[in-house]
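Down below is the structure, laid out as structure tokens.
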């Protein structure tokens, strides 16, 4: 997939309403989706506009990014890799979800965590990595299905953590470049990274109640599909044919992989107990 970063420019009004939006739990608009002539325009307010030009066969796309003045290069790269790539991946028949994942040490499988922004999924991945379970991705679940096995593909070898989680996992004296933005934590001895595909064994969907007691409950097939769908990346909600294909791939995933509702109190002191419960659930599945 080709893409090109252009010189910064302000985000001007487009004179039309978006056909879709991504809205955070606090009501903040994270992204807007537009059609401009024969292309898509994806606007991340205050950050960057991405123009997506479909190829002649509908599968190859050319992507151009225009950051706003002051948008740093790492912001642009993160948005491309963590939003545009999975959007286009699902649009062209792939299977991508918004989540983090780790390889369980001593086993032959990986587990994935899905959840809303600031729901704790990357912190969980970081905590597992510190305990020796190498992380595979911190934001995008990329799956290849081969004969019923879903192979989780490793992504970039870094964790992006908010300042409070970074200090918890790395120590209170950790230097933070920007308190309001995620920090890039590179893989290493303290945060091992799994660089080869691993079979996905279980998916945990994090609940939105951050004060809930610890519990792990398996979803029924119907519940699992409903729980997974909000964490998928969909470029065009009005393209019915592609949506049907995407729904079928998600239904197959829900049928083949155990999906669980994971609730727990979002308190760093609770993380060891949460990890123990997940590992017990994984090993007794």
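A few notes on this one:
- Beta bridges from DSSP with both residues in the chain: antiparallel share about 75 percent, rounded to the nearest 5.
- Once both labels are positioned 7 Å from their Cα atoms along Cα-to-Cβ, the gap between residue 163 and residue 64 label points is 3.7 nm.
- Normalised radius of gyration (Cα atoms, divided by 2.2 N^0.38 Å) for the chain: 1.00.
- Gaussian network model of the chain, Cα within-10 Å springs - most flexible of 88, 169, 14: 14
- Residue-span extension gain [residue 17 to residue 280] - 0.36 nm each, minus C-alpha spacing: 89.9 nm
- Within region 263-283: backbone nitrogen closer than 11 Å to the residue 209 label point (7 Å, Cα to C-beta): 263-265
- Relative exposure of 128, 219, 135, 233, judged by other C-beta atoms within 10 Å (fewest first): 219, 233, 128, 135
- Placing R0 at 41 angstrom, the Cβ-Cβ distance between residue 28 and residue 189 gives a FRET efficiency of 0.65 after rounding to 0.05.
- Compared with the alpha-carbon gap, the fully stretched path from residue 77 to residue 247 is longer by 58.3 nm at 0.36 nm per residue.
- Separation between Cα centres of region 244-285 and region 86-122, rounded to whole Å: 11 Å
- Over the residues of the chain, the helix contribution to mean residue ellipticity at 222 nm works out to -7000 deg cm²/dmol, using -39500 (n - 2.57) for each DSSP H run of at least 4.
- Cβ-Cβ distance of residue 38 and residue 144, R₀ of 41 Å, FRET efficiency by 1/(1 + (r/R0)^6): the value works out to about 0.85.
- Cut-off 20 Å (backbone N to label point 7 Å along Cα→Cβ of residue 218), residues of region 144-161: 148-150
A short reminder: the numbers here are calculations on the coordinates, not readings from a lab. If you're wondering where the values come from, they're calculated on a predicted model, not measured in any experiment. All Cβ positions, glycine included, derive from the backbone under ideal geometry; neighbour counts span all protein chains shown.
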